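Below is one structure, written out as structure tokens, with a few remarks after it.
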Amino acid sequence: MLTFILRRLLLAIPTLIIISFVIFLVVDLAPGSPASEIPLTVPPEVRAKILESMGVNQPLWTRYLLWLKQFFWVEPLYAIDALFGTDLAQGAQRIISYQTRGPVFDVIMQRIPQTLTVVGMAYLIGILIALPIGIYSAYRQYSWFDQLGTFVSMVGYSVPTFFTGVLFIVIFSVKLGWFPSIYDTTLKVTDWASFVKQVMQMTLPVAVLALFNAAEISRYTRSSMLENLGQDYVRTARAKGMGEGKVVMKHVLRNSMIPVVTIIALGMPSVFGGAIITENVFKVNGIGSALIGAIHGNDLPMVQTITFIFAVLIVLFNLIADILYGILDPRIRYD
């Protein structure tokens, strides 16, 4: 297992370098320019100085290597300085946003708590709902519970979140008036009343995302469980007099979790990357809304950095999923 982990880590280095260059190149060559955000009343010589301060006049390779150095070296040093009070960065140039003229990672760190609160809670609830539904639906195949779960899952997975979000707002916010339709990102939880208000404003976006996540994960869980329930080792365990609960939960579920772990692990980056559509529907000031704002404002460093962070998380959670394979299934040997 250790050899496999080291091999995957070494393979991840060139993979991330290639991904970073593709992201940087695609974003850099996209239509639009930071100059379009500068008012037309600004004199040409001042405009030229502004663009020069942004570094947009430098060659592509120079800007790419500088951005790569800032992402993997300068920003981690600033993070260490912030945590331990050291001075390792020593005033090194950080990744600067064209819009805010401040460090990109400062904006990201301000937005992450909102994203983790809403999207993270929705993903956790989706998993907790999906696994029992998928397991019981497979065990009671073609029962009324299975048919109802299949119908709800198909609807939840097929209907886009922007439609579900607007529908929930119309029903539960406009018609019934139960929950607010706009997420107040300035709310601070200091007492019971503010906690209740936080829960109320989280309910609709969390419900929309949890429904979508649960629909996907429950279908994979049901399919994997059905495939293993018909295996010979299950019939052998039952023939030996093993209890039905032990057969399902100890043997069938453990072998069925491998594809489910893949789906859950690959969905984890979205918790940090944010739910772009849902965040904009409910006005959640998270990473997803920051990315949309950066795209509209031609803020190339912000777009490149957020996109690459998402790519890094995908590679990382792929590795975590592969490691979990060996824990769940002892037949898998990587060494």
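A few notes on this one:
- Pairing residues of the range 309-320 that are among the hydrophobic types (A, V, I, L, M, F, W, C) with residues that are modelled with pLDDT of 85 or more, at Cβ distances under 6 Å and at least 6 apart in sequence or on separate chains, gives A311/I19.
- Scanning the range 102-160 for residues being within 24 Å of T305 (Cα to Cα) and touching a residue at least 40 places away in the same chain (Cβ under 8 Å) gives a total of 14.
- Breaking point among (1) among the hydrophobic types (A, V, I, L, M, F, W, C); (2) within 13 Å of A214 (Cα to Cα); (3) surrounded by fewer than 13 Cβ atoms within 10 Å (Cβ to Cβ), for V152: (3)
- Flag if R219 is among the charged types (D, E, K, R) and modelled with pLDDT of 80 or more: yes
Residues checked against (1) at pLDDT below 80; (2) in a loop (DSSP other than H, G, I, E, B):
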position: L148; (1), (2): no, no
position: V152; (1), (2): no, no
position: Y157; (1), (2): yes, no
position: F163; (1), (2): no, no
position: L167; (1), (2): no, no
position: I171; (1), (2): no, no
position: W178; (1), (2): no, yes
position: T186; (1), (2): yes, yes
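- Candidates Y183, Y139: the one that is aromatic (F, W, Y) and either closer than 21 Å to L226 by Cβ or exposed (fewer than 14 other Cβ atoms within 10 Å of the Cβ) (or both) is Y139.
- Pairs with Cβ under 8 Å, 6+ apart, first in the range 249-260 and farther than 10 Å from L229 by Cα, second among the aromatic types (F, W, Y) and at pLDDT below 75: I258/Y325
- Evaluation of F4 against (1) under 20 Å from I306 (Cα atoms); (2) modelled with pLDDT under 80; (3) surrounded by 11 or more Cβ atoms within 10 Å (Cβ to Cβ) (one fails), failing number: (1)
- Test: Q201 is more than 24 Å from A311 (Cα to Cα) and crowded, with 18+ Cβ neighbours inside 10 Å: yes
- Looking only at residues of the range 52-100 that are more than 17 Å from T305 (Cβ to Cβ) and among the hydroxyl-bearing types (S, T, Y), we find that the one that is modelled with the lowest pLDDT is S53.
- Cβ-Cβ contacts under 8 Å between residues 6 or more apart (or on different chains), taken from a first residue in the range 223-246 that is within 17 Å of Q141 (Cβ to Cβ) to a second residue that is exposed (fewer than 11 other Cβ atoms within 10 Å of the Cβ), are listed as R238/E244.
- Residue check, R111 basic (K, R), crowded, with 16+ Cβ neighbours inside 10 Å and either farther than 30 Å from E75 by Cα or in the same structural domain as M257 (by TED's automatic domain parsing) (or both): yes
The values are calculated or read from the model by the stated rules, or taken from the named source; none is laboratory data. Given the structure is predicted, the values throughout are model-derived calculations rather than measurements. Quick reminder, even Gly has a Cβ in these numbers, built from the backbone with ideal geometry, and neighbours come from all protein chains shown.
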